[in-house]
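Peer 1: The structure is given below, and queries will be raised subsequently.
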2 protein chains.
Amino acid sequence: MACSAGGGGAPGSPCGACKFLRRKCAAECVFAPHFCAEDGAAQFAAIHKVFGASNAAKLLQQVAPGDRSEAAATVTYEAQARLRDPIYGCVAHIFALQQQVATLQMQVLKAKAQVAQTMAAAGGGKPSPAAVADGA
Amino acid sequence: MACSAGGGGAPGSPCGACKFLRRKCAAECVFAPHFCAEDGAAQFAAIHKVFGASNAAKLLQQVAPGDRSEAAATVTYEAQARLRDPIYGCVAHIFALQQQVATLQMQVLKAKAQVAQTMAAAGGGKPSPAAVADGA
């Protein structure tokens, strides 16, 4: 998550965050590289509502400059998820994925049991270790 | 996430959040039912640092009282995850689960292919539809 040509559009124009905050965008603005003039203001609005501008700035400042783009993206994602779902936020996504993992683990077990059963029925022999102990 | 006997311990003692904020805990304190006097202060410290007390209060107030316990738990989880991992926060958990889902999906496909292969080798017949089309 980075702006192609810095935060602002035209030279001197504010980045998306400063545009939202209606303030002058300083040369060293911590938000500018990550919140573009175009769509950054809407993204920053979510961050402002959920985390607050000051907390978000502190959060970015405590991360190495090379990691700030990722941090800005994940904070934006969390903020937008919390606005969509005020009870669970992005934890709803975690619950859904945990459910999907449990379902898939059951499917793997079932399919492996079926391999073993088919092999036993076919040859009366034992299934190969690879057939039953593969992965999981 | 709820305190067994309200937020404070002894009557008149502050809940975990108010203890952290060093303020009097009002009867209608929005944090009290969810941040116990015992371990609530440490949990609230993370929330205070990441979201700010005022944003957290607003967030709980906009949720129906019956859902606030879940909201407090997910906000606490997000705050603690962000302090542990300032770049990715709880999104690191989402990435790990997405990776696990991809790995399991591969295992399911592989096991199903093996079932089909074993059945074909055994009887020369087609595998039953259930063997190949079971689940996702």
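Peer 1: Return the pair list, or none, for Cβ contacts closer than 6 Å from residues in region A:84-96 that are more than 7 Å from chain B (Cβ to nearest Cβ) to residues that are acidic (Asp, Glu) and open to solvent by 10 Å² or more (accessible area, probe 1.4 Å), at least 6 apart or on different chains.
Peer 2: Pairs found: A:Ala92/A:Asp85.
Peer 1: Another question, then. Could you check how many residues of region B:4-26 are modelled with pLDDT of 90 or more, at negative phi and open to solvent by 20 Å² or more (accessible area, probe 1.4 Å)?
Peer 2: Going through region B:4-26 one residue at a time, the tally reaches 8.
Peer 1: Considering only helices (runs of 4 or more DSSP H) fully contained in region B:38-124, which possess at least 1 residues that are at pLDDT 95 or above, among the polar types (S, T, N, Q) and open to solvent by 40 Å² or more (accessible area, probe 1.4 Å)?
Peer 2: Counting at least 1 such residues, we get B:53-61, B:68-84, B:91-123.
Peer 1: Still on this structure, I have one more. Six or more apart or on different chains, Cβ under 6 Å: which pairs go from a residue in region A:41-57 that's more than 21 Å from A:Tyr88 (Cα to Cα) to one that's not in a helix (DSSP H, G or I)? Could you list them?
Peer 2: Pairs that qualify, where the first residue is more than 21 Å from A:Tyr88 (Cα to Cα) and the partner is not in a helix (DSSP H, G or I), are A:Ala57/A:Val30.
The values are calculated or read from the model by the stated rules, or taken from the named source; none is laboratory data. Given the structure is predicted, the values throughout are model-derived calculations rather than measurements. All Cβ positions, glycine included, derive from the backbone under ideal geometry; neighbour counts span all protein chains shown. Note: accessible area is taken over every heavy atom of the protein model, side chains too, but ligands, DNA and RNA are not part of it. Shrake-Rupley method; radii C 1.70, N 1.55, O 1.52, S 1.80 Å.
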